Structure formats: C-alpha cells, structure tokens
C-alpha cells in the first residue's frame, strides 16, 4: 500500500471536487480508509444537517482512495472510476462526517495483481458514514472499477 502521509496522499483528494469538499485523511490500514469532513456552510441543507450529496461525496472519495492507494505504482497503465453504488441514508448527519471505506479480505492482492497485469477489475467497497456522535448515517455498497489506461 502507498504511504498515506499528508505529503503523499493519493491524487484523489487533489482534484477540484475533492478540494471543494474539504475531506481529510482520518485513518487508514491495508483494508480500510477513513476520511473526515468538517462541513462548511455550503455543505448543509435547510435543517443544518449535512446534505445527502455531500455525504455521498465524502463516501465516494473514501471508496476511490482506498483502491487508489493500492494501484499508485500503476497509474500510467490503469485508471479508476466509481462504476455504481447503492446508498442507504439512515439518519441526518450533524456536524463532522467520517466516511469509512472497507475492502474485503484478499481484495488488496487481487487489486494489485489486476493493476500490475493491466486487467479490468470491479472492486466491491463497503462504505459507512458516521456523524460526530459516531452513529451510522449512511451505508453504501460501491463498485470501484479498475480499467486499463485509455490510449
């Protein structure tokens, strides 16, 4: 896995959308990565809770980042995108949101092998968002697609 220090964090948090979002790395391991969002006023809906698209934005960024962290050496020959996701919002998110993306056991080896060989792969990523009290506010089953680079 790549070194997820602040200086070398994957490009997924450097794109304009992610910079607007303002998510930062909260924690990581081989199979899990969490991003934290301290919401800005533009992230809130009329009730003061974090707007659902913003919640998914941070969850999507976490899902992409956990996969991206394992294919960094192969970015010249591969690319990734979110192929789809099933979302379930379970309660309003008040305050900070932490999105935790998790890979299944054995996924890392499959991911790196596919990227190394230039083979397409759909990666299942479980995402759970938590509010400032640590309560789940959103669950997502995301599919992150690894594809050979376009020429």
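Every read-out reported here was derived from the displayed coordinates using simple, explicitly stated rules and does not represent laboratory data. Please read all numbers here as calculations on a predicted model, not as lab measurements. Note: ideal-geometry Cβ built from the backbone for every residue, glycine included; neighbour counts use all protein chains shown.
Highest-first packing order for the peptide set 127-138, 104-115 is 127-138, 104-115, based on the mean count of other beta carbon atoms within 10 Å.
Here the chain is treated as a Stokes sphere of Kirkwood radius computed over C-alpha pairs; at 37 °C and 0.692 mPa s its diffusion coefficient rounds to 212 µm²/s.
Relative to the current alpha-carbon distance between residue 90 and residue 135, full extension at 0.36 nm per residue lengthens the span by 15.2 nm. Annotation: the residues 27, 65, 49, sorted from fewest to most other C-beta atoms within 10 Å of their own C-beta, follow the order 27, 49, 65. Determine the calculated [θ] at 222 nm for the chain from helices alone, applying -39500 (n - 2.57) to every DSSP H run no shorter than 4 residues and normalising by the residue count; nearest 500 deg cm²/dmol. Mean residue ellipticity, 222 nm, calculated: -7500 deg cm²/dmol. Extending 7 Å from the Cα toward the beta-carbon at both residue 27 and residue 104 defines two label points whose distance is 2.4 nm. Of the residues 62, 93, 101, the one that moves most in a GNM of the chain with alpha-carbon contacts below 10 Å is 93. Between residue 122 and residue 20, the simple label model (points 7 Å from Cα in the Cβ direction) yields a spacing of 2.8 nm. Taking Cα atoms only, the orientation of helix 52-71 departs from the longest principal axis of the chain by about 20 degrees. If R0 is taken as 30 Å, the Cβ-Cβ distance between residue 143 and residue 46 corresponds to a FRET efficiency of 0.40. With 10 Å bins beginning at zero, the pair-distance distribution over Cα atoms of the stretch 63-116 amounts to 19, 44, 25, 12, 1 %. Listing 38, 102 from fewest to most neighbouring C-beta atoms within 10 Å gives 38, 102. If you run the Gaussian network model on the chain, springs between alpha carbon atoms under 10 Å, then out of 77, 47, 24 the most flexible one is 47.
If you fit an axis through the alpha-carbon atoms of helix 107-117 and take the longest principal axis of the Cα set of the chain, what angle between them do you get, 0 to 90°, nearest 10? So the helix axis and the longest Cα principal axis differ by about 50 degrees.
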